[in-house]
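A short reminder: the numbers here are calculations on the coordinates, not readings from a lab. Quick caveat, the model's predicted, so the values are computed rather than measured. Note that each Cβ is placed from the backbone with ideal geometry, even for glycine, and that neighbours are counted across all protein chains shown.
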Amino acid sequence: MKKLTALLFAAALLCGCSSKNEKESGGNTASNTNTTTAASSSDASEPTTDFDDMHIDTSYEDPVEGESIDVTEMEDVSWDKLYRQELEDFKKSSDYDDTARFTIYDINDDQIPELIISYGPMGNKTYLLKSLNDTDYTEFEKIENCADLCYVMNKSLLVTYRYNDAEHIQTVQLYRLKNEKLPNVYTYQLTDNTAMVNGKEVTEDEYTEEYNHFINGVIKSVGMDHSFDDDVINAALGQAKDWKEAYCSILNDYLKYKKENDDNHFSLMDITGDGVPELFVSGGYHYAPYVDIYAWNGCPVPVGTFGADGTVLFNDENGEVSTKFDGPSYTSGSVYTFSNVFKFEEAFTYGNNENSKKNDENVELVYYLNGEKTDKDNYEKTVKERTSGKYYVLGQDNDITEETIKALADGKYKEAEKK
């Protein structure tokens, strides 16, 4: 508690933060606390695992504990000041090393972002979660021994993945942040011989059904988006002078830490209609192609990773983003919409295994629309209706170099083309 009080006092003394991050601000951005829908402290006694129609067994909980402090009587409290102090303190700690990264993203839909810090080797990372709402600031205990920490956008759930290779055990746990609590609301575990859901043995089909019920749609890795470079921290906290300076900081992060292995490129395209382009950064062509997307909200918001071939497609007529993968045995694709709360929603999915015929003439062909089997005629008709037209191909228009980053700072870059 003393550490939290000292942190809040120190954060209140910081200056230079833009007004959009203040509690008193009347703006309507993800930075604001006055527009939040977070429950008040009087709701804290309510069950934290009431998911309406999500059918969660609330008797099974293994919460991540946290230490909270009431901020309702404190002046000049804002997420950017608190998180800057947290980031600076972490850089001075013994846990800080060259594996440390962080994400600032709203994981509980209260329009105030959380801070998630990660560190440690791949496959065995530790995550630190900090959360501010209208009434409390909370630091949660370490989430340790994780292969990955992800966020399920359509259900606002955190997911931890842990693998015990020696004993062949895979453990997946779901968490939901509500107020200042982080209960574990579902747990899945697989071994060589058994499948478990919430500590009870189930069949493989039951396991798959339960797993897919909650873990589906757009899933974003968190805690790994940004380095601890000063320019990147300033951009992530909304303290760059404009979107060009902020995006240049993000691109310099790729140039410094990823370019050598990932051969990164970027595109810019306004997909929200707010007059500021989103940033699309591609990479990983030689092993696992991807496109990281950053939206603009006074700061660059890391909204997800897509693009199995290193590109994403944008239809400016309906505002949809889509991806397609054509592999040696199957073809699949997804269509997404982007909401004003900085989330992607999966609007349409499709897939077939026709390519398998090239290697096995006896293979049974299957066709899927939105996860359901269908016949070939309906599949082809529906996919054509949902994916026809010309698209902007995003992710590869500009190489990431010192020269292109400098040009972007002056507002110069190669624009995407419709194909």
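Rounded, prolate or oblate: which fits the range 256-353, taking a ≥ b ≥ c as square roots of the Cα gyration tensor eigenvalues, rounded meaning a/c under 1.5, else prolate when a/b beats b/c? In terms of gyration-tensor shape, oblate.
Counting Lys and Arg as +1 and Asp and Glu as -1, what is the net charge of the other residues whose Cβ lies under 14 Å from the Cβ of D377? Summing Lys and Arg as +1 and Asp and Glu as -1 gives 0. All other residues with a Cβ under 9 Å from the Cβ of N154 taken together, and with Lys, Arg as +1 and Asp, Glu as -1, what is their net charge? Cβ neighbours under 9 Å give a net charge of 0. Between D192 and E346, the modelled labels are 3.2 nm apart [label points 7 Å from Cα along Cα→Cβ]. Checked against a 21 Å cut-off, the cross-linked pairs K91/K155; K357/K419; K244/K406 give Cα-Cα distances beyond that limit for K91/K155; K357/K419. Comparing Cα centroids, the range 328-375 and the range 284-313 end up 20 angstrom apart. For the residues A288, A195, A166, a GNM of the chain with alpha-carbon springs under 10 Å puts the largest fluctuation on A166.
The simple spin-label model puts a point 7 Å past each Cα toward its Cβ; for N355 and E209 those points are separated by 3.2 nm.
Here is the tail figure for the chain: Cα pairs spaced more than 30 Å apart come to 46 percent of all pairs. The packing ranking, built from the mean of other Cβ atoms within 10 Å per residue, places the peptides 132-141, 377-386 in the order 132-141, 377-386, highest first.
Largest mean-square fluctuation among S388, S78, S334, in a Gaussian network model of the chain whose springs join Cα atoms under 10 Å apart, belongs to S388. Gain on full extension, evaluated as 0.36 nm per residue between A288 and E415 minus their Cα-Cα distance, stands at 43.2 nm. For the chain, the Cβ-based charge dipole about the Cα centre amounts to some 960 debye (Lys, Arg positive; Asp, Glu negative; other atoms uncharged). Peptides 264-276, 205-217 ranked from most to least packed by the mean count of surrounding Cβ atoms within 10 Å: 264-276, 205-217. Of the residues D262, D165, D292, the one that moves most in a GNM of the chain with alpha-carbon contacts below 10 Å is D165. For the range 138-266, the dipole from Cβ point charges (+1 on Lys and Arg, -1 on Asp and Glu) about the Cα centre works out to 520 debye, to the nearest 20.
In this label model, S94 and E402 are separated by 3.9 nm, measuring between points 7 Å along each Cα→Cβ vector. Subtracting the Cα-Cα distance of K142 and T72 from 0.36 nm times their residue separation leaves 22.6 nm of extension gain.
For the pair the range 112-134 and the range 154-192, the centres of their Cα atoms are 15 angstrom apart.
Each Lys and Arg adds +1 at its Cβ and each Asp and Glu adds -1 at its Cβ; summed about the Cα centre, the range 242-409 shows a dipole of about 120 debye. Legend: distances between Cα atoms for K343/K390; K81/K256; K130/K178; K178/K343; K130/K181; pairs beyond 20 Å are K343/K390; K81/K256. Each of the peptides 350-361, 229-240, 297-308, 114-125 was scored by the mean count of other Cβ atoms within 10 Å over its residues; in descending order, highest first, they stand as 297-308, 229-240, 114-125, 350-361.
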